[in-house]
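Participant: What follows is a single structure, and I will ask about it in a moment.
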Amino acid sequence: MIKRQLKSATKAHEDFLKSHGEKALKLINEKQLTANAFASGGAGIYNFFVKLSTLKSTSESELFGANVVKTLDNDKWYGGKANVDEKLAIDSVKFELEKIAKDVLIYLQENEQRYNAFSLIYKNIYAMGLVNELAKLTQQYKEDENILFISEFNERISEVVNNEPTPFIFERLGDKYKHFLLDEFQDTSSMQWQNMLPLIDNSLGNANLNLIVGDGKQSIYRWRNADVEQFVNLPNINVANKNDLLIEREESLIRNFEGRILDKNYRSESTIVKFNNALFEYLSDTVLNEDLKKIYHNQKQEHKEDEFGYVSIDFPDLMEEDTDTVNTRVIYNYIQKALTDGYNYSDICIIVRQNKNGNTVANFLIKNDIPVVSAESLLLNHAKEITVLLSFLKYISNQKDLVSASVIINYLWHKNYCNEAQCVIYLRELNTFKSKTVFDILHECHLKVNILKLTASNLFDCCLEIVNTLKLNESNPQYVRFFLDEILGFLQSNTSNTALFLDWWKRRGEKASVIIPEGINAVNIMTIHASKGLEFPIVITPFLAWDIEKTQSIWVDIDEEGVDLPVALINTTKAVDETVYKPLAENERQQQTLDSLNMLYVDFTRAVDRLHIISPKLKKNSAKNCHTWLVDFAIKQPQFDAVSNSIEFGALTKKTSKHSKIGLEQLQISQLSFN
């Protein structure tokens, strides 16, 4: 029904434009006039009516261009080559044509935004329908099982505490605890804060001290509903419609509030602190709107008196290389410099935004005999050997699974068991002609396979046979070893059933990784989120070329006649700027900008001695990219070297004893072997 309502509303709009365009063209054709008879020819008022009749354009900005406006405002209707008869013919219809154009203009000014909004909503109508059905199924499941999701508890608590002066659920807590400390407050959601307010209010009423600690510049959990603005606006409560109870609690906060700014940096050396002060003052003034600038208002920190520390920013040109190769090469060079200056592997942390980049770096360092520690980047599923092993298991279970078979053949080509031309032939024989099996192709590649062992053995022995057949232990022994350990763990509580294991692995595979104990002398690799609150003598942060703004889906309230839809899902594309929802889209874009700025702040403030920033050049320039932010800052500094596309602050020094750590014996990755 809603689909029909939206379609009916947009069709009525289009019918109005089309009918007016056709009416105008009919008048023109009756007078046997052509485009050349009118001012600006095919780019003027004549084309305006053509666009209307064909619905080639439906927006005011596209229809009423400079030439059309000039004709209507200045009464300039004749083309330069129009003869007397044509001018007379134009005079006889121009008043009607002018009325049509002005009627269209008035109509668009009154209805265009509504039409654009309905068009955007219509594009997501199936997604909204799916969400609605999922919500119904979820609710039915909860009722059938008599359960409540943990995520709903905050909402249930909020319904109670926001309407009772002394919520009974907090009575015993308020008696037991006198003081409350709320840490990382910038990552607290609005609902969480309101649920804590009764306890804070009760404590303040008894003249007790409470502490709220946070840093708005480190708010990087908006996707978990963190509301950084409620921290910045303290002691005011950042809620639009406050009831009397909330107003009373706000007044209590205001009476007892004392704000303190901790502006002394005890972590980083002075050069790093000065760099971050300058960079984030520049970026916050440049990229944030006035409402969000207050988050960085007091961002400057005092630094140590000694002039130590080093910062480098590299903008390497990709040339013909891929971004992974360029980033990992620069990382390797900085690690070698650090080792030369007396630092240990464990003094170095490589911070990335995405796990896939961390995995790339981890595999590169391991191949170059550099030990690494990473809880996220060494997932077993990221190894080609594990992927092909799993595909082989799927193929054994179902030899009609041609996708898994193709994965195996591509691996053979990747490992040079066949050339590209042979790979293409094998894939055709598998998928198109179905004349061969994977086992036939393995035999042609001179790989011995015992089909009986694969099909008749238990799961563990079957995997051993696959490993030996494809020689997986030769290329990535550590991943294979840990995967086999996972299989043994599975078999301890399950039967040797391949289908059951594959179903189990769908869940387990998201977490299973190569386990290397912490405390060893190894390079740390982690995401920006995981690094929050930590520090390292040396930080290397590569792959700094992510897009700031991405199209997102946002929920908006609908208040339109003729459409029975209270809320809708729309995408924050440029098209939304032509609707009443433009402010919401602009707010989302600004929030994304703040997210990226805060990510950089967390990233760049982990270093103690050295900070190495690697931001390869973009293949296509974009103002909405963190690479562009860094370049714009760097080229304004006197130290910028345009030849090497890099900039340095401070000087490299040898490691001092203050960074010494006692760790476990270094784990030699290269010595891990398959038995």
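The values are calculated or read from the model by the stated rules, or taken from the named source; none is laboratory data. Keep in mind the model is a prediction, meaning the values are calculated, not measured. Heads up, the Cβs are rebuilt from the backbone with ideal geometry, glycines too, and the neighbour counts pull from every protein chain shown. Protein only, heavy atoms only, side chains kept; ligands, DNA and RNA dropped before computing areas. Shrake-Rupley method; radii C 1.70, N 1.55, O 1.52, S 1.80 Å.
Participant: Residue check: is residue 493 hydroxyl-bearing (Ser, Thr, Tyr), without any contact (Cβ under 8 Å) to a residue 12 or more places away in the chain and open to solvent by 10 Å² or more (accessible area, probe 1.4 Å)?
Facilitator: Values: hydroxyl-bearing (Ser, Thr, Tyr): yes; without any contact (Cβ under 8 Å) to a residue 12 or more places away in the chain: yes; open to solvent by 10 Å² or more (accessible area, probe 1.4 Å): yes.
In short, yes.
Participant: Regarding residue 449, is this residue closer than 28 Å to residue 490 by Cα, modelled with pLDDT of 90 or more, aliphatic (A, V, I, L, M) and open to solvent by less than 50 Å² (accessible area, probe 1.4 Å)?
Facilitator: On the way: closer than 28 Å to residue 490 by Cα: yes; modelled with pLDDT of 90 or more: no; aliphatic (A, V, I, L, M): yes; open to solvent by less than 50 Å² (accessible area, probe 1.4 Å): yes.
No; evaluated as a whole, the condition is false for this residue.
Participant: What's the number of the only condition in (1) part of a helix (DSSP H, G or I); (2) farther than 26 Å from residue 15 by Cα; (3) in contact with a Phe, Trp or Tyr (Cβ under 9 Å, 6 or more places away or on another chain) that residue 88 fails to meet?
Facilitator: Failed condition: (3).
Participant: Okay, next question. List the residue pairs whose Cβ atoms are under 9 Å apart, where the first residue sits in the stretch 344-368 and is in a strand (DSSP E or B), the second is open to solvent by 50 Å² or more (accessible area, probe 1.4 Å), and the two are 6 or more positions apart or on different chains.
Facilitator: Cβ pairs passing all conditions: 348/339; 349/534; 349/535.
Participant: Please name all residue pairs, on different chains or six or more residues apart, with Cβ atoms under 7 Å, provided the first residue is in the stretch 618-645 and is under 17 Å from residue 319 (Cβ atoms) and the second residue is open to solvent by 50 Å² or more (accessible area, probe 1.4 Å).
Facilitator: Listed pairs, sorted by first residue: 645/317.
Participant: Would you be able to say whether some residue in the stretch 10-17 is modelled with pLDDT of 90 or more, aromatic (Phe, Trp, Tyr) and within 24 Å of residue 577 (Cα to Cα)?
Facilitator: yes
Participant: Could you identify the single residue in 93, 131, 50 that is within 30 Å of residue 552 (Cα to Cα) and either at pLDDT 90 or above or hydrophobic (A, V, I, L, M, F, W, C) (or both)?
Facilitator: Going through 93, 131, 50 in turn, the sole match is 131.
Participant: A follow-up question, please. Take the residues of the stretch 213-246 that are open to solvent by 60 Å² or more (accessible area, probe 1.4 Å) and outside any loop (DSSP other than H, G, I, E, B): which is farthest from residue 298 (Cα to Cα)?
Facilitator: The selected residue is 244.
Participant: Could you say whether any residue in the stretch 284-291 is at pLDDT 95 or above, closer than 30 Å to residue 361 by Cα and either open to solvent by less than 10 Å² (accessible area, probe 1.4 Å) or within 24 Å of the chain's Cα centre (by Cα) (or both)?
Facilitator: Among the residues of the stretch 284-291, not one is at pLDDT 95 or above, closer than 30 Å to residue 361 by Cα and either open to solvent by less than 10 Å² (accessible area, probe 1.4 Å) or within 24 Å of the chain's Cα centre (by Cα) (or both), which makes the answer no.
Participant: Condition (residue is in contact with a His (Cβ under 7 Å, 6 or more places away or on another chain) and either closer than 17 Å to residue 587 by Cβ or in contact (Cβ under 8 Å) with a residue 24 or more places away in the chain (or both)) applied to the stretch 211-230: is it met by at least one residue? So that I can check it myself, show each step before the final result.
Facilitator: Kept after step one, since they are in contact with a His (Cβ under 7 Å, 6 or more places away or on another chain), are these residues of the stretch 211-230: 220.
Going one step further and asking which of them are either closer than 17 Å to residue 587 by Cβ or in contact (Cβ under 8 Å) with a residue 24 or more places away in the chain (or both), we end up with 220.
So far as the stretch 211-230 goes, yes, one or more of its residues are in contact with a His (Cβ under 7 Å, 6 or more places away or on another chain) and either closer than 17 Å to residue 587 by Cβ or in contact (Cβ under 8 Å) with a residue 24 or more places away in the chain (or both).
Participant: If you check residue 540 against the conditions, is it among the β-branched types (Val, Ile, Thr) and closer than 25 Å to residue 283 by Cβ? Show your work before the answer.
Facilitator: Values: among the β-branched types (Val, Ile, Thr): yes; closer than 25 Å to residue 283 by Cβ: yes.
The answer is yes for residue 540.
Yes or no, residue by residue, for (1) of a type in the set (Lys, Arg); (2) within 29 Å of residue 573 (Cβ to Cβ); (3) assigned to a helix (DSSP H, G or I):
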site: 126; (1), (2), (3): no, yes, yes
site: 137; (1), (2), (3): no, no, yes
site: 144; (1), (2), (3): no, no, yes
site: 164; (1), (2), (3): no, no, no
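Participant: Output the number of residues of the stretch 247-261 satisfying the condition of being in a loop (DSSP other than H, G, I, E, B) and open to solvent by less than 60 Å² (accessible area, probe 1.4 Å).
Facilitator: Qualifying residue count for the region: 1.
Participant: While we're on this one: Out of all the residues in the stretch 264-272, is one or more of a type in the set (A, V, I, L, M, F, W, C), surrounded by 12 or more Cβ atoms within 10 Å (Cβ to Cβ) and outside any loop (DSSP other than H, G, I, E, B)?
Facilitator: yes
Participant: Can I ask one more? Please work out which residue is nearest to residue 119 (Cα to Cα), limiting yourself to the stretch 519-564 and to residues that are charged (D, E, K, R) and crowded, with 16+ Cβ neighbours inside 10 Å. I'd like the intermediate steps shown before the answer.
Facilitator: Of the residues in the stretch 519-564, the ones charged (D, E, K, R) are 532, 535, 547, 549-550, 557, 559-561, 564.
Applying the additional criterion that residues be crowded, with 16+ Cβ neighbours inside 10 Å yields 532, 549, 560.
Values: 532: 42, 549: 22, 560: 13 Å.
Within the stretch 519-564, the match that is nearest to residue 119 (Cα to Cα) is 560.
Participant: Sticking with this one: For residue 13, all conditions in the list (1) closer than 18 Å to residue 91 by Cβ; (2) not in a loop (DSSP other than H, G, I, E, B) hold save one; what is the number of the exception?
Facilitator: (1)
A quick yes/no check of all residues on (1) closer than 23 Å to residue 566 by Cα; (2) over 27 Å from the mean Cα position of the chain (by Cα):
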{"site": "114", "(1), (2)": "yes, yes"}
{"site": "125", "(1), (2)": "yes, no"}
{"site": "130", "(1), (2)": "yes, no"}
{"site": "137", "(1), (2)": "yes, yes"}
{"site": "145", "(1), (2)": "no, yes"}
{"site": "161", "(1), (2)": "no, yes"}
{"site": "164", "(1), (2)": "no, yes"}
{"site": "170", "(1), (2)": "no, yes"}
{"site": "180", "(1), (2)": "no, yes"}
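Participant: In the stretch 388-426, what residues are open to solvent by less than 60 Å² (accessible area, probe 1.4 Å) and farther than 18 Å from residue 468 by Cβ?
Facilitator: 401, 402, 404, 405, 406, 407, 409, 418, 423, 426, listed by residue number.
A quick yes/no check of all residues on (1) touching a Phe, Trp or Tyr at 6+ places or on another chain (Cβ under 9 Å); (2) in contact (Cβ under 8 Å) with a residue 60 or more places away in the chain; (3) open to solvent by 80 Å² or more (accessible area, probe 1.4 Å); (4) over 30 Å from residue 361 (Cβ atoms):
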position	(1), (2), (3), (4)
434	no, no, yes, yes
458	no, no, no, yes
476	no, yes, no, no
487	yes, no, no, no
500	yes, no, no, yes
506	no, no, yes, no
514	yes, yes, no, no
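Participant: Give 326, 311, 330 a once-over and let me know the one that is surrounded by 13 or more Cβ atoms within 10 Å (Cβ to Cβ) and within 23 Å of the chain's Cα centre (by Cα).
Facilitator: 326 is the lone residue from the list that is surrounded by 13 or more Cβ atoms within 10 Å (Cβ to Cβ) and within 23 Å of the chain's Cα centre (by Cα).
Participant: Write out, first by first residue and then by second, each pair whose Cβ atoms fall under 7 Å of each other, whose residues are 6+ apart or on separate chains, and whose first residue, in the stretch 596-612, is closer than 14 Å to residue 543 by Cα while the second is open to solvent by 10 Å² or more (accessible area, probe 1.4 Å) and charged (D, E, K, R).
Facilitator: Close Cβ pairs (under 7 Å, with a partner that is open to solvent by 10 Å² or more (accessible area, probe 1.4 Å) and charged (D, E, K, R)) amount to 599/353.
Participant: Give the residues of the stretch 178-210 that are part of a loop (DSSP other than H, G, I, E, B) and touching a residue at least 24 places away in the same chain (Cβ under 8 Å), sorted by residue number.
Facilitator: 178, 179, 180, 183, 184, 188, 206, 208, 209, 210
Participant: Does the stretch 613-622 include one or more residues that are open to solvent by 50 Å² or more (accessible area, probe 1.4 Å), under 30 Å from residue 531 (Cα atoms) and either part of a helix (DSSP H, G or I) or of a type outside the set (Lys, Arg) (or both)?
Facilitator: yes
Participant: Condition check: in contact (Cβ under 8 Å) with a residue 12 or more places away in the chain, touching a Ser or Thr at 6+ places or on another chain (Cβ under 9 Å), closer than 30 Å to residue 612 by Cα and not in a helix (DSSP H, G or I). Does residue 300 satisfy that?
Facilitator: Answer is no for this residue.
Participant: Continuing with the same structure: Within the stretch 26-85, how many residues are in a helix (DSSP H, G or I), touching a Gly at 6+ places or on another chain (Cβ under 7 Å) and open to solvent by less than 40 Å² (accessible area, probe 1.4 Å)?
Facilitator: The number of residues fulfilling the criteria is 8.
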